[in-house]
Amino acid sequence: MDQNQHLNKTAEAQSSENKKTRYCNGLKMFLAALSLSFIAKALGAIVMKSSIIHIERRFEISSSLVGFIDGSFEIGNLLVIVFVSYFGSKLHRPKLIGIGCFIMGIGGVLTALPHFFMGYYRYSEETNIDSSENSTSTLSTCLINQILSLNRTSPEIVGKGCLKESGSYMWIYVFMGNMLRGIGETPIVPLGLSYIDDFAKEGHSSLYLGILNAIAMIGPIIGFTLGSLFSKMYVDIGYVDLSTVRITPTDSRWVGAWWLNFLVSGLFSIISSIPFFFLPQTPNKPQKERKASLSLHVLETNDEKNQTANLTNQGKNITKNVTGFFQSFKSILTNPLYVIFVLLTLLQVSSYIGAFTYVFKYVEQQYGQPSSKANILLGVITIPIFASGMFLGGYIIKKFKLNTVGIAKFSFFTAVMSLSFYLSYFFIICENKSVAGLTMTYDGNNPVTSHRDVPLSYCNSDCNCDESQWEPVCGNNGITYISPCLAGCKSSSGNKKPIVFYNCSCLEVTGLQNGNYSAHLGECPRDDACTRKFYFFVAIQVFNLFFSALGGTSYVMLIVKIVQPELKSLALGFHSMVIRALGGILAPIYFGALIDTTCIKWSTNDCGTRGSCRTYNSTLFSRVYLGLSSMLRVSSLVLYIILIYAMKKKYQEKDINASENGSVMDEANSESLNNNKHFVASAGADSETHY
């Protein structure tokens, strides 16, 4: 008998142990799948940012419009975030995350689809990739253009082609794909973290969250690496003879294989969705939890008998919940500390989003560096710095046990340091580009006050050039000319690369001593001094990002501490919604719109309508780009000072009230004690009299 009892106990112990093992394994499988989805999510975000400059050129759109396309991700996210947050916890969370990853992948593939429908990329009006002849022969020099001008296409023919082109809005596919990516990304974080919090052992949730965030850093590293690799590849690689392509990655018309970025990230997201469809709604629970849930089920079964009687109460509860929601919402909106903090973080985050969206364009226009190089240096190098800053910020707050005011001061300090490094970018701005006909006269001797309607010089006035054309050549004098024709070049090297143009009359008037009046295809590169400034830019960017990340942890902690405990979730949700709507959507648009104002040469299609920008006033571009971001940051610092002052005042009043209440209580206790002593003395006297 004893032996049978012992065997039963052993079997029960083994069964319980097996269930615990299955429970742990189920959670570990979910963590592994969620790690893949975190990588896919981060990869998709970086791919979009690194491809923006190529999308703008490929679809011939402005920076403000491409900023609107970039913000469509946040639009998609906001459309479903409320439904996902409310209904997600009531449904099969792993499958919902899997569906989200699949939709995110479909969005990435949809973004790449226009590449297969648009035909070959025309980087110049003279480009004729379909022809078997080398496209160099169509380059217009001064003499050739005089002949070609007699055979220009009639306005009627141009108009017919124009109608067809004007109906093409293929960028809408990119917009919809990015929006789908935002919709698909929505359930990953809230449902994934709530699943872990529900089923992880007590105290392990924060560890798992740290692991997930660390693994997610693989996504940006892969994204920047792919962005650099595909930026070097020509957009129509595999479809055209690359020997006929006369532009290089340093050319402002170059479009890399941006679509490969989205195909890779989209397929990776689809693959990451597969494991979630094989995971259970809940991991296998240990026996005790199953018994507890069984007991709850029995209670629920008994309660079902009273459901009819409770229908009226449920209606009252719904009304009560709605009223409670509006009261809670009113409570956080009338909390001055919370409102100030939301505004200052909106300004800061808008600065970060706008600056990061156009950083590759800034590096290209200011320092003459291709986006492939910027992807590697600004991406792979700075990601570990950013991660270490986030970790160190959390460690400092925990190590020194900072209170609410202390956290606010620490966050203010990191913001000041980050701004200090950011302002130093103004000291490493290169000189404006020397472009004849845009920043100086065509003879290259005098600067111009405006880039509009610069008069032709005697060196090219007889060439009958197309002034709307953009086929830049670099003269031996270090000046970029809009086209070989406008440089007054009479002949070229033909099909031989590098393509060189000779007898350029506009170079003669600049006073070259060697008598070599030639120019080669492409813009003039930046000088060595400007290249050195680029590496200073990268070094400063490291410190700027480090201090920005150092204060990143304090954002969430401040929100949690300046509102009532029961309003934490609502406060975090509303803060996230404001940042996404007014920061994630609007910041790229108004940054892009201001950047567009610095353009000095727009591309034009056959209809004569404006396309993408070919070149900018680089000095003005820098002042607008850096100035707008700096203004947003300075404004946030002013609000930081107001926040810290208000917090000090509030907590000092609390301390005064607490001390006053304490003194009143002490007086009351003292009076009560005296009364008790008097009572005891009286009682003692009475007892003595009695005795």
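The values are calculated or read from the model by the stated rules, or taken from the named source; none is laboratory data. Note that this is a predicted model, so its numbers are computed, not measured. Note that we place each Cβ from the backbone using ideal geometry, even for glycine, and neighbour counts take in every protein chain shown. Side chains are part of the model used for accessible areas, which takes the heavy atoms of the whole protein and leaves out ligands, DNA and RNA. Shrake-Rupley method; radii C 1.70, N 1.55, O 1.52, S 1.80 Å.
Here is how the numbers come out for the structure above:
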item: Check on L438, open to solvent by less than 40 Å² (accessible area, probe 1.4 Å) and assigned to a helix (DSSP H, G or I); result: no
item: Hey, A487 surrounded by fewer than 20 Cβ atoms within 10 Å (Cβ to Cβ), in contact with a Cys (Cβ under 8 Å, 6 or more places away or on another chain) and modelled with pLDDT of 90 or more or not; result: no
item: Search result, residues across the range 350-392 that are open to solvent by 30 Å² or more (accessible area, probe 1.4 Å), part of a helix (DSSP H, G or I) and either touching a strand residue (DSSP E or B) at 6+ places or on another chain (Cβ under 9 Å) or β-branched (V, I, T) (or both); result: I353, I376, V380, I385
item: Any hit, the range 620-643, residues being surrounded by 10 or more Cβ atoms within 10 Å (Cβ to Cβ), over 30 Å from V66 (Cα atoms), modelled with pLDDT of 95 or more and among the aromatic types (F, W, Y); result: yes
item: Residue within the range 447-454 that is surrounded by fewer than 19 Cβ atoms within 10 Å (Cβ to Cβ) and in contact with a helix residue (DSSP H, G or I) (Cβ under 9 Å, 6 or more places away or on another chain) present; result: no
item: Filter result for the condition that a residue is closer than 26 Å to Q469 by Cβ, among the β-branched types (V, I, T) and touching a helix residue (DSSP H, G or I) at 6+ places or on another chain (Cβ under 9 Å), over T244, T225; result: T244
item: Residues satisfying the stated conditions in the range 152-187, i.e. at pLDDT below 60 and part of a helix (DSSP H, G or I); result: P155, E156, I157, V158, G159, K160, G161, C162, L163, K164, E165, S166
item: C524 more than 25 Å from the chain's Cα centre (by Cα), of a type outside the set (S, T, N, Q) and in a helix (DSSP H, G or I); result: no
item: Qualifying residue in the range 184-192 (condition: open to solvent by less than 40 Å² (accessible area, probe 1.4 Å), among the β-branched types (V, I, T) and under 29 Å from I97 (Cβ atoms)); result: yes
item: Enumeration of residues in the range 460-500 that are more than 28 Å from G611 (Cα to Cα) and touching a Phe, Trp or Tyr at 6+ places or on another chain (Cβ under 6 Å); result: S491, S492
item: Qualifying residue in the range 416-429 (condition: open to solvent by 50 Å² or more (accessible area, probe 1.4 Å), small (G, A, S) and either assigned to a helix (DSSP H, G or I) or modelled with pLDDT under 90 (or both)); result: yes
item: Pairs with Cβ under 8 Å, 6+ apart, first in the range 86-111 and among the basic types (K, R), second open to solvent by 50 Å² or more (accessible area, probe 1.4 Å) and in a helix (DSSP H, G or I); result: K95/F277
item: Only listed residue being assigned to a loop (DSSP other than H, G, I, E, B) and in contact with a helix residue (DSSP H, G or I) (Cβ under 6 Å, 6 or more places away or on another chain), chosen from P220, P190, P249, P275; result: P249
item: Members of the range 214-235 that are without any contact (Cβ under 8 Å) to a residue 40 or more places away in the chain and under 18 Å from the mean Cα position of the chain (by Cα); result: none
item: Unique residue being in a loop (DSSP other than H, G, I, E, B), closer than 14 Å to T141 by Cα, open to solvent by less than 10 Å² (accessible area, probe 1.4 Å) and touching a Ser or Thr at 6+ places or on another chain (Cβ under 9 Å) when the list is C506, C463; result: C463
item: Of all residues in the range 217-251 being buried (at least 23 other Cβ atoms within 10 Å of the Cβ) and touching a strand residue (DSSP E or B) at 6+ places or on another chain (Cβ under 8 Å), the one that is farthest from I376 (Cα to Cα); result: V235
item: Qualifying residue in the range 595-606 (condition: in a helix (DSSP H, G or I) and open to solvent by less than 30 Å² (accessible area, probe 1.4 Å)); result: yes
item: Failed criterion for P565 (all others in (1) farther than 30 Å from K409 by Cβ; (2) modelled with pLDDT under 95; (3) open to solvent by 20 Å² or more (accessible area, probe 1.4 Å) hold); result: (1)
item: Considering residues of the range 113-126 that are exposed (fewer than 15 other Cβ atoms within 10 Å of the Cβ) and within 20 Å of R181 (Cβ to Cβ) only, the residue modelled with the lowest pLDDT; result: F117
item: Neighbours by Cβ (under 7 Å, 6+ apart or cross-chain): first from the range 516-545, within 19 Å of I247 (Cβ to Cβ); second part of a helix (DSSP H, G or I) and hydroxyl-bearing (S, T, Y); result: R526/Y367
item: From the options S231, S243, S205, residue that is modelled with pLDDT under 90 and either basic (K, R) or closer than 30 Å to G389 by Cα (or both); result: S205
